[in-house]
Amino acid sequence: MCYIVGADRGSHSMDKSITLPPDEIFRNLENAKRFAIDIGGSLTKLAYYSTVQHKVAKVRSFDHSAKETEGDPLYEISVQEEITARLHFIKFENAYIETCLDFIKDHLVNTETKVIKATGGGAYKMIQTCLEFKDLLVDKEDEMTCLIKGCNFVLKNIPHEAFVYAKHADSEFRFQNTHPDIFPYLLINIGSGVSIVKVEAEDKFERIGGSSIGGGTFWGLGALLTKTKRFDELLQLASKGQHTNVDMLVKDIYGGAYGSLGLTGDLIASSFGKSATTDKEFSKEDMAKSLLHMISNDIGQLACLYAKLHNLTRVYFGGFFIRGHPVTMHTITYSINFFTKGEVQALFLRHEGYLGAIGAFLKGAEEDNPNQYSWGENYAGSSGLMSVSPELNPVQRARSGTFDMLEMDRLERQLVNLPLLQDPTSYIPDTVELTEDALARVYWLYCFEEALDGVVKRAIASQKDQPEAVERAEKFRQKYRHKLQTLRHQPFAYGSLTVRSLLDTREHCLNEFNFPDPYSKIKQKENDMALKYYLKVVKSVEELSWEQRQFTLVKGLLAGNVFDWGAKAVSDVLESDPEFGFEQAKQQLQERPWLVDAYNQWIERLKGPPHKCALFFVDNSGIDIILGVFPFIRELLIRGTEVVLASNSGPALNDVTNSELQILTERIAAMDPVIHTALKEDRLALVQNGSSSPCLDLSRLDKVLATVVRERGTDLVIIEGMGRAIHTNYYAMLSCESLKLAVIKNSWLAERLGGKIFSVVFKYEVPSKAQG
């Protein structure tokens, strides 16, 4: 099916002869199930659902009931085909619209009826266009309903969808971490006029106000004043103008500030005020700028009054008047800040232009209930937020983003907050925001580019039996390098830029070219090797005094964390020295006092009563999980603490996955009665975390894990590793006790934190209410 929403905000010639590059733009079109289109004045937004077939790595335990021979692997690895759902959103110039409809008609092969749903002013024009296609029917959807549905969807599923625009800051885009509960909010949709909508729930919204003075007013009056007919050109003029040449300021009337009323001298007293008293010609640029301020201030004040009246602090702006233009975002931001005295921020949306198309799609796809799933942005197939620099002229801007794409993959697991976050609304997963830290950004982009050869080599090695793997690996290299180059010039392209987003983008690109788990064979080998030493490690620990035992277990946990193929300093050693093992890793560790050292407080706590339940977010396969984590949690189990091991749902680097951990635990339980009994009595549980990332976002965890955490009364959270405890969650505030520990395996990062490579972070935190 095909659903269309739209508003006719301008007429542009449509050239049916234009050819589209379907493989690059209309990806997976042959598997498309239904479509939606939103047609604006100059841009068309297309949404469609497709199924994507890609490779996944699966592990399966061998039957160990028969007598094993030396060298038998613990489990087998197979690569299987899996079909997942993907949403595609494409934005392009209206010149391509008829060619686009040709594509839709030709590819609606899997649907019984070919229906186009349309809404808004553009719907009637679309009826005429679609009449050419005998088997396409036209139906209409309500434009505002589609807009709200689309807005809800992006706010719920794209963590850094909303941003504050700060024109003169180092980072002009300041992305906000979306609150888990997105309602209620105010949506100010600035089209030809202004609609102010209060949104209270998924299907509960109300238009509470509006104005006839909107984008159409700016466009219309601007055309009369400047003889400029194109909207983008009008904004270009405004970006170069000085409104003070046209507007009458407070100081023009009073010679300075009006102190008794709290009015500064630079405040606009009368828009266009000087034009009535000055006998001279005003420039087009100055008049356009004055007009922009007049319209924006009017809308800003109106928005503030409604926000106050309904006690709302989240105010989102959208509509063709905004459309990512820095000039309009700046004037709206200034206006909101002025009228609310900084209490309310003007929020804009990365994918604001897609809202109508997304909403129309969701309306048409209600039988599939897409809202019951969680969705994640596929960085490999998304083009990101284009540059909106005012220095770029309108034609260049339009051409730089001729095709703008967003892809969303349906996630297998529904994602929710960790119930133990102290304040979910203020939780920010990432430790450093690279859009705001230029030195760190330069370093990490360089670091990831330097590591690219090694990743390509590893990907090819993981599929030696497939001759085309070299070609696919090269395509991966080109795509990921292009992403890094884009981020050098436009750090804000995909929202917040962090070490986590760079890692996740790399994983998405690897999956795109069917390298689902490049480290699978390394993990298999390291798991097999580490298991042989498990009992020896456990027995040596048991012989120690209590104090010595606790320190040895912590040191073992830290030494295990050294074995991280994601850290170049470590992977170089592991490649060149096959003998580098558990004892050698212990010797590399920083001596106490550590860089961050709360070990004494931890030991004092262990002298008290046992914790009820510990949630442990595990990290790497092999020595880390088997010789580091298991002896540590074994001690917790002996103390009487239940343990939940949370591992990745899908592969990332050499991190242990839930399916691998199930097999490893079963094997360890066969050797160790403590683990065997804990499993049998359900005091040890293995739960997937819902992630396929080397980092950890505690606001997007598997719903099942959240339920387990709540039901077991978890009162201790342990987060291990650089990705999960340093790059993310270093500052995360939890409502229970927490341990964050890692070995810093990057020289640059270690120096920045005031240490050296292999420095230790051992951070034990108790929430203030628990301390009392």
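The values are calculated or read from the model by the stated rules, or taken from the named source; none is laboratory data. These figures come from a predicted structure and were not determined experimentally. For neighbour counting, all protein chains shown are included, and Cβ atoms are generated from backbone atoms with ideal geometry for every residue, glycine included. Areas reflect the complete protein model, heavy atoms only, side chains present, ligands, DNA and RNA absent. Shrake-Rupley method; radii C 1.70, N 1.55, O 1.52, S 1.80 Å.
Key figures
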| read-out | value |
| --- | --- |
| Subset of the stretch 403-421 (residues that are assigned to a loop (DSSP other than H, G, I, E, B) and open to solvent by less than 30 Å² (accessible area, probe 1.4 Å)) | LEU418, LEU420 |
| Residue satisfying condition, being open to solvent by less than 10 Å² (accessible area, probe 1.4 Å) and not aliphatic (A, V, I, L, M), within set LYS703, LYS756, LYS745 | LYS745 |
| Residue match in the stretch 736-746 (condition: assigned to a helix (DSSP H, G or I) and within 21 Å of LYS586 (Cα to Cα)) | no |
| Residue list for the stretch 633-672, filter: acidic (Asp, Glu) and either surrounded by fewer than 19 Cβ atoms within 10 Å (Cβ to Cβ) or under 22 Å from GLN550 (Cα atoms) (or both) | GLU635, GLU642, GLU666, ASP672 |
| Filter result (open to solvent by less than 30 Å² (accessible area, probe 1.4 Å) and not β-branched (Val, Ile, Thr)) within the stretch 178-188 | TYR185, LEU186, LEU187 |
| Members of the stretch 715-730 that are in contact with a Cys (Cβ under 8 Å, 6 or more places away or on another chain), open to solvent by less than 10 Å² (accessible area, probe 1.4 Å) and either polar (S, T, N, Q) or outside any helix (DSSP H, G or I) (or both) | LEU716, VAL717, THR728 |
| Every residue from the stretch 228-249 that is farther than 21 Å from GLY191 by Cα and open to solvent by 10 Å² or more (accessible area, probe 1.4 Å) | LYS240, GLN242, HIS243, THR244, ASN245, MET248 |
| Members of the stretch 310-339 found to be more than 22 Å from PHE173 (Cβ to Cβ) and either without any contact (Cβ under 8 Å) to a residue 60 or more places away in the chain or assigned by the TED database to the domain that holds ASN152 (or both), listed by number | ASN311, PHE339 |
| Hits in the stretch 23-80 - residues which are assigned to a loop (DSSP other than H, G, I, E, B), surrounded by 17 or more Cβ atoms within 10 Å (Cβ to Cβ) and modelled with pLDDT of 70 or more | ARG27, LEU74 |
| Residues within the stretch 463-492 that are within 15 Å of GLU507 (Cβ to Cβ) and either open to solvent by less than 20 Å² (accessible area, probe 1.4 Å) or among the aliphatic types (A, V, I, L, M) (or both), tallied | 5 |
| Residue match in the stretch 422-434 (condition: open to solvent by less than 50 Å² (accessible area, probe 1.4 Å), more than 21 Å from the chain's Cα centre (by Cα), closer than 22 Å to GLY721 by Cβ and not assigned by the TED database to the domain that holds THR84) | no |
| Elements of type helices (runs of 4 or more DSSP H) in the stretch 572-675, at least 3 residues being in contact (Cβ under 8 Å) with a residue 24 or more places away in the chain, more than 21 Å from GLU76 (Cβ to Cβ) and touching a helix residue (DSSP H, G or I) at 6+ places or on another chain (Cβ under 6 Å) | 582-588, 630-639 |
| Matching option when the condition is open to solvent by less than 20 Å² (accessible area, probe 1.4 Å) and not hydroxyl-bearing (Ser, Thr, Tyr), among VAL766, VAL687 | VAL687 |
| Residue within the stretch 463-483 that is among the β-branched types (Val, Ile, Thr) and touching a residue at least 12 places away in the same chain (Cβ under 8 Å) present | no |
| Filter result for ALA585 (touching a Ser or Thr at 6+ places or on another chain (Cβ under 8 Å), at pLDDT below 95 and assigned by the TED database to the domain that holds ILE718) | no |
| Residues within the stretch 291-337 that are open to solvent by 10 Å² or more (accessible area, probe 1.4 Å), over 16 Å from VAL197 (Cα atoms), within 25 Å of the chain's Cα centre (by Cα) and β-branched (Val, Ile, Thr), tallied | 1 |
| Number of positions in the stretch 422-438 that are at pLDDT 95 or above and outside any loop (DSSP other than H, G, I, E, B) | 1 |
| Residue check for LEU557: touching a residue at least 12 places away in the same chain (Cβ under 8 Å) and within 19 Å of GLU450 (Cβ to Cβ) | no |
| Condition check for LEU355: touching a residue at least 40 places away in the same chain (Cβ under 8 Å) and either of a type outside the set (Lys, Arg) or open to solvent by 10 Å² or more (accessible area, probe 1.4 Å) (or both) | yes |
| Subset tally (residues that are closer than 25 Å to GLN524 by Cα and polar (S, T, N, Q)) for the stretch 456-487 | 3 |
| Filter result for ASP279 (more than 20 Å from PHE339 (Cα to Cα), outside any helix (DSSP H, G or I) and open to solvent by 50 Å² or more (accessible area, probe 1.4 Å)) | yes |
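Condition check ((1) assigned to a loop (DSSP other than H, G, I, E, B); (2) modelled with pLDDT of 90 or more; (3) assigned by the TED database to the domain that holds GLU143) across all residues:
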site: HIS168; (1), (2), (3): yes, no, no
site: SER171; (1), (2), (3): yes, no, no
site: ASN189; (1), (2), (3): no, yes, no
site: GLU200; (1), (2), (3): no, yes, no
site: GLY210; (1), (2), (3): no, yes, no
site: ILE213; (1), (2), (3): yes, yes, no
site: GLY216; (1), (2), (3): no, yes, no
site: GLY220; (1), (2), (3): no, yes, no
site: ALA223; (1), (2), (3): no, yes, no
